[in-house]
Amino acid sequence: MGEEQTNRWRGLAINAVAILLVSFVLYTCATGPFEGIINRAVFVGILIPLGVLMYPLWRGTRLRPLGIAVDASMALGSLASCAYVIVNYEEIMLGFPTAQTIDLVMTVCLVVTILEISRRAIGLIFPVLVVAMLVYALLGEHLPGRLGHRGFDIYFVTETLFLGDLGIWGMLTGVAATVIAAFTVFGAVLLNTGGGQTFIDIAMRTGGRAPGGGAKIATIASGLFGMVSGSAVANVATTGNFTIPLMKRLKYPPAMAGGTEAIASTGGQLAPPIMGAAAFIMAEIIGVDYARIIVAAALPAFLFYLGVFMTIHVLAIEGNLGSVPDEEVPGWKEILRWERVLPIGTALTALFYGILSGSSITTAAFYGILGALITFPLSRIRGRSDLFASLKDLNKAVSESASGLLIIGILLAGAQIMVSAINMTGLGVTLSTLIIDVGGENMFLITLIVAVVCMIMGMGIPTTAAYVLVAAVLAPAMIKIGIAPLVSHMFVFYYATLSVVTPPVCIAVFVAAGIAGARWGDVAKYALRLGAVTYIIPFLFILYPGMLAQGGWPEFTQALFSGVVFVVAFASLFGGMRTFGSRIADVLAWLVVAGLAVMPGLLSTTIAVGMTGGLFLIRKRFRGVPRTTVSS
């Protein structure tokens, strides 16, 4: 069989398994999930064949025949392990069985397969972390000092990981198989039934003709995509292939084009409703409603994009960055044609109807998916060619859903193994105690240590896994010193997310640099400059409870005004706004405004607002006056 024919059969097999996976998700959304670990075992059991098909071992090399044997062995062994759990569900959940040799073999097979697929799909760092935690669980009793623990034999580890719902079949895998799966399918369907192009057109219409229009298009489009897709790297790869060439054509520096796309795409993971799947996981860990998480995340996400947008605007004004020509900007009449808007409007209306009517979040997502699937063909099909085009778009939605579910599902199954080992050994409590010992009673120092460690621990691994890791290890340290659980988890989530644009291991920057054709270090500089305020925003969660919608309207209002003024000050500072004509005077003025904005109290906020207005008035007067010092 030739390579071309082999690839064709492989493509058909991937498509078949993808359809099976999406059908399983839709069925469980509509009727409710199966019993606990049965639902999770079926989900993982479909993901594993999909994984070995999408990421075949040694593809295109002479070792491929051996790779086929390895892939087949992993798939069959893992399927047998999942089937064993399904068949013996009652005994596992009610009988608390003791691990036997056969259980050990199946656990090893399943763990190795999950980690190998994650290595192929997302890289080596994450599976190495999981393996390190397993080794620590097995051998940590030999470590000296606080890091040592009482020790666990391999059969106890097997019972924890495989024969119960605290290991592979735990909460993270459960969330991946239900809520996250539902919204992954919902997002793919929404984007492929007209939402994708509509988002780009809206971005072009609202920001394209303004100063720095190309960068503003990237910011708006990436924000809209990211709110649905929830993946920074996928966001860069999707919208970046349109926005980065557009910015370069408008004579933006390639590094700026890449940096703008990288930071704007990162913000998608901070913006409701998906938040890189963290919203659902955070809700489960803290034990609050999903709606509480997205309400809390709304103002910080707004401030993030305000900061990026404002910094771009200042850079555009000061650097004369071009806007998109009028003839390339679509009109509202074109954007809001009924056949384009109908599937999107129906999907969102059905989703919110399900939520407001009291249905489960997965059922609400199913209503949204169903609404789009019904109205999309009705709005497009006029003949046979339209029918085939619509089916092709829907098949693409299935393909993208399956691809996203594979990454998220395998990632969270692996993360669940890691979290189980952390909980088993008490490592989270140990590290929390060490951080508190180092920080003493200084809350600022403790939170600063946590922020730095979050970014280090998150480097090189996807945001969802990074959040799970820091939530298990570092959030307890903040909770222990009296910071509310929601604030603690949102704090560590922000810094784990920022790891994708923070050197030296900044995945989103690497992807953007490849598209832009620029050095990744230069792209990272622009990303950090545009997103500088985001490194401070999490500390505002602690200063202003209203920032996360905690407290009443007075607290929220003060947090809003303080946050907006602080963001404007930082954007003016890092954008290089010329106010007095002297760089030193400009920097000092905006630093004073930023300092007043973060000081608790109505008086300081009022003064900061007044100073901001005054500085903008002064800027108008001095605009065009040459600087007396070296420009930034």
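The values are calculated or read from the model by the stated rules, or taken from the named source; none is laboratory data. Source: prediction; values computed, not measured. Cβ placement follows ideal geometry from the backbone for every residue including glycine, while neighbour counts extend to all protein chains displayed.
Things to note:
- Counted as qualifying within the range 214-324 are the helices (runs of 4 or more DSSP H) with 2 or more residues that are touching a Pro at 6+ places or on another chain (Cβ under 8 Å), assigned by TED's automatic domain parsing to the domain that holds Ile407 and touching a residue at least 40 places away in the same chain (Cβ under 8 Å), namely 232-249, 290-319.
- Selection status of Phe556, among the aromatic types (Phe, Trp, Tyr), within 26 Å of Pro503 (Cα to Cα), touching a residue at least 40 places away in the same chain (Cβ under 8 Å) and out of contact with any strand residue (DSSP E or B) (no Cβ under 9 Å at 6 or more places or on another chain): no
- Scanning the range 576-588 for residues that are buried (at least 21 other Cβ atoms within 10 Å of the Cβ) and part of a helix (DSSP H, G or I) yields a total of 1.
- So Ser604, is it part of a helix (DSSP H, G or I) and surrounded by 23 or more Cβ atoms within 10 Å (Cβ to Cβ): no
- Meets criteria (free of Cβ contacts under 8 Å to residues at least 12 places away in the same chain and over 30 Å from Val130 (Cβ atoms)) for Gly551: yes
- Yes/no for Ala372 being in contact with a Phe, Trp or Tyr (Cβ under 6 Å, 6 or more places away or on another chain), at pLDDT 85 or above and not assigned by TED's automatic domain parsing to the domain that holds Phe570: no
- Looking only at residues in the range 92-110 that are hydrophobic (A, V, I, L, M, F, W, C) and in contact with a Leu (Cβ under 7 Å, 6 or more places away or on another chain), the one that is surrounded by the fewest Cβ atoms within 10 Å (Cβ to Cβ) is Ala99.
- Of residues in the range 156-178 being under 12 Å from Ala277 (Cα atoms) and surrounded by fewer than 24 Cβ atoms within 10 Å (Cβ to Cβ), the one nearest to the chain's Cα centre (by Cα): Val175
- Looking at Val533, Val492, just one residue is within 25 Å of Tyr290 (Cα to Cα), of a type in the set (Val, Ile, Thr) and surrounded by 20 or more Cβ atoms within 10 Å (Cβ to Cβ), and that residue is Val492.
- Scope the range 104-132; condition in a helix (DSSP H, G or I) and free of Cβ contacts under 8 Å to residues at least 40 places away in the same chain; matching residues: Val105, Val108, Cys109, Val112, Arg119, Val128, Val131, Ala132
- Number of positions in the range 448-475 that are under 18 Å from Thr534 (Cα atoms), surrounded by fewer than 24 Cβ atoms within 10 Å (Cβ to Cβ) and not aliphatic (A, V, I, L, M): 0
- Those helices (runs of 4 or more DSSP H) of the range 456-568 in which at least 2 residues are small (Gly, Ala, Ser), closer than 30 Å to Leu405 by Cβ and under 19 Å from the mean Cα position of the chain (by Cα), considering only elements entirely within it, cover 463-473, 485-498, 507-516.
- Summed over the range 532-553, the residues that are modelled with pLDDT of 90 or more and of a type in the set (Phe, Trp, Tyr) give a count of 3.
- Residue match in the range 390-404 (condition: over 30 Å from Leu342 (Cα atoms) and either under 17 Å from the mean Cα position of the chain (by Cα) or aliphatic (A, V, I, L, M) (or both)): no
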